[in-house]
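Notes follow once the structure below has been shown.
The values are calculated or read from the model by the stated rules, or taken from the named source; none is laboratory data. Note that this is a predicted model, so its numbers are computed, not measured. Glycine also receives a Cβ, built like all others from the backbone with ideal geometry; neighbour counts cover every protein chain displayed. Keep in mind that these areas ignore ligands, DNA and RNA; they rest on the heavy atoms of the full protein, side chains included. Shrake-Rupley method; radii C 1.70, N 1.55, O 1.52, S 1.80 Å.
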Amino acid sequence: MKKKWVRFSAIFVLVALAASCAINPVTGKRELSFISEEGEISLGKETDGQIRQEYGVYADAALNAYVSAVGQRMVPITHRPKLPYSFQVLDTPVVNAFAVPGGYVYVTRGLLAMMNSEAELAAVLGHELGHVNARHSVRRMSEMMLIQVGLLIGSAINDTFADLAGIASIGVQLLYLKFSRDDERQADALGVDYSRKASYNPGPIIGFFGSLQKLGDLQGGHSLPGFLSTHPLEAERIKNVTKMLLPTDRSLAFKRDEYLGKVNNIVYGDDPRQGYVESNAFYHPTMHFAFALPANWKVENTPSQVTIVSPDQKAGFILEAEQTQDSLQNYAAKKAQAIENRKFLNDQSLTINGLSSYHQLYDIPQQESDTLRARLSFIRKEGMIYSFTALSSASSFGSYDSAFQNMVRSFRDMNDPRYLNRQPVRLRLIKPSGQQNLQAIFQANSIKKDMWPKMAVLNGLELTDVPASSRLVKVIR
Ligand SMILES: [Zn+2]
């Protein structure tokens with residue numbers, strides 16, 4: 001519990017000190033503001049660090065520079081042009097865009113693969129700039145911090161994990177942050193306004209909204225996080241934005257080919273080079289390790305850690321890695337220091353698949369819930385120490401412990417080229433003949449049939465449409 005309190009205490013002090021009446025830069029109305037602009041910027045900076053750690057910035061400097069240039073073109077037009085804006089591409093297949101207070105704007109590579117023009121990108125970035133400028137982000141984030149405190153009390157397991165492994169939960173939540181209907185409407189209006197003033201045609205955003213809707217339908221009706229949330233809201237937003245468009249917008253920039261040229265070759269879907277699950281094992285080709293997974297446990301892989309949760313969600317397992325020259329015992333002692341009220345039970349040194357390892361078992365009594373038990377395991381491989389944190393209530397630990405130990409004891413150096421050389425699939429551009437419909441193009445390019453509907457959406461087309469020879473077609477392979 002401590003770590004999160006510490007993490008937020010500085011901000012809470014700020015919140016307490018800064019509560020005052022401020023003028024909303026967009027509406028010009030006075031409203032109760034809990035965070036000063038200075039506080040907003042430092043909050044944004046801190047959150048930015050967490051987001052970058054949690055998702056990673058997509059390693060393509062040219063693409064990041066391009067997205068940034070499109071965003072920066074709108075900055076002087078915004079209501080708060082002096083904020084230190086940044087625009088970054090996050091390395092995740094999740095389809096989303098969001099902003100955090102202080103002017104940090106993110107689009108995911110999953111979203112970039114969905115769009116078909118620079119005008120759409122400008123409208124999306126403009127929408128996020130709208131949230132920042134109307135201070136939605138800072139208001140919503142203050143609310144979220146209060147929720148966060150509420151969550152802390154109920155979930156000792158999550159919290160102990162946060163202490164042990166430093167879960168960047170704020171970052172995770174931000175990706176799924178929802179704004180009110182009014183806030184979305186206002187951000188849409190600002191997005192149209194900003195992109196138009198930067199000479200982009202705001203019209204193509206309508207087609208893009210439609211594509212997101214179709215993608216949601218293809219994903220079994222699951223609505224997409226954040227940027228577009230619930231279905232009726234989408235329909236309403238499409239209607240509202242359509243009303244904002246002007247006949248003169250059509251003469252503004254669209255920039256389809258320029259945009260497609262920039263996203264050509266972008267990684268699509270999960271990137272196996274960052275680790276992947278196959279037949280009940282986790283493989284990491286770049287760090288060349290592998291370990292077995294218990295059946296039906298849920299795996300979540302992020303740049304900072306692999307989280308594995310039992311089917312009943314009552315036990316969890318986190319793997320992290322750190323470059324260090326520390327001895328296993330010293331490193332373990334440092335890690336254990338993060339656990340408040342820990343009671344040491346036992347320890348053990350072992351050689352696992354030729355690697356030296358050290359293990360500790362702790363009980364962690366809780367004030368308002370069952371005592372927790374943690375098994376910490378540390379394995380040295382090359383210059384890294386791999387830390388495994390296994391956690392559940394002490395009373396049920398016995399029923400999960402064999403799963404925990406099997407994972408740790410299966411950890412091994414992995415040099416099998418069959419697993420090492422996995423490459424991600426990428427978005428590629430094809431010049432169509434102008435005679436074939438989209439389905440025939442996909443067929444001719446040996447695209448798997450089950451991918452056709454999704455790829456049609458990616459192109460903003462129907463499978464029966466015949467793209468003109470001048471219109472590049474996106475495929476994934
Ligand atoms: Zn929004």
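Between the alpha-carbon centres of the stretch 409-438 and the stretch 27-77 there is a gap of 32 Å.
Computed over the stretch 349-477, relative contact order equals 19 percent, with contacts defined as Cα pairs under 8 Å that lie 6+ residues apart.
Say the cut-off is 31 Å between C-alpha atoms; which of LYS29/LYS214; LYS243/LYS454; LYS298/LYS343; LYS45/LYS262; LYS298/LYS335; LYS262/LYS448 go over it? Correct reply: LYS29/LYS214. Measuring nothing but alpha carbons in the stretch 357-399 and taking Rh as the Kirkwood radius, the Rg to Rh ratio lands at 1.12. What is the stretch 46-94 by shape, rounded, prolate or oblate, if you read a ≥ b ≥ c off the alpha carbon gyration tensor as root eigenvalues and call it rounded for a/c under 1.5, prolate for a/b larger than b/c, and oblate otherwise? Oblate, because a/c is 1.5 or more while a/b does not exceed b/c. Under 5 Å between amide hydrogens, built in the peptide plane, is the criterion, and for GLN366 it picks out THR371, LEU372 among residues at least 5 positions away or on other chains. Annotation: amide H-H contacts under 5 Å for GLY102 (H modelled 1.01 Å from N, sequence separation of 5 or more, or interchain): none. Name the shape class, rounded, prolate or oblate, that the alpha-carbon gyration tensor gives for the stretch 53-134, where a ≥ b ≥ c are the square roots of its eigenvalues, rounded holds for a/c under 1.5, and otherwise prolate holds if a/b is larger than b/c and oblate otherwise. It comes out prolate by the Cα gyration axes.
For the stretch 411-477, calculate the relative contact order in percent as a whole number, restricting contacts to Cα pairs under 8 Å that are 6 or more residues apart. Over the stretch 411-477, the number comes to 47 percent.
Once phi is turned into ³J(HN,Hα) by the Karplus curve 6.51 cos²θ - 1.76 cosθ + 1.60 with θ = phi - 60°, what whole-Hz value does each residue of the stretch 40-52 show in order, with x for glycine and proline? With coefficients 6.51, -1.76 and 1.60, one gets 4, 5, 6, 5, x, 4, 5, 5, 4, x, 5, 5, 5 Hz. Just the Cα atoms of the stretch 297-436, one point each, no solvent: what log10 I(q)/I(0) does Debye give at q = 0.10, 0.12, 0.13, 0.15 Å⁻¹? Values returned for q = 0.10, 0.12, 0.13, 0.15 Å⁻¹ are -0.42, -0.56, -0.63, -0.81. Each of the peptides 412-423, 49-60 was scored by the mean count of other Cβ atoms within 10 Å over its residues; in descending order, highest first, they stand as 49-60, 412-423.
In order along the stretch 380-388, the Karplus-derived 3J(HN,Hα) couplings, from 6.51 cos²θ - 1.76 cosθ + 1.60 at θ = phi - 60°, round to 9, 9, 6, x, 10, 10, 9, 10, 10 Hz, and Gly and Pro are given as x. In whole angstrom, the stretch 293-336 maps to an equivalent ellipsoid with semi-axes of 26, 12, 8, each derived as √(5λ) from the alpha carbon gyration tensor and ordered largest first.
Sequentially through the stretch 336-346, phi angles give Karplus couplings (6.51, -1.76, 1.60; θ = phi - 60°) of 5, 4, 6, 8, 6, 6, 5, 10, 5, 9, 6 Hz, Gly and Pro residues having no value and appearing as x.
In the context of the full protein assembly, LEU90 retains an accessible surface of approximately 0 Å², using a probe radius of 1.4 Å and ignoring ligands and nucleic acids.
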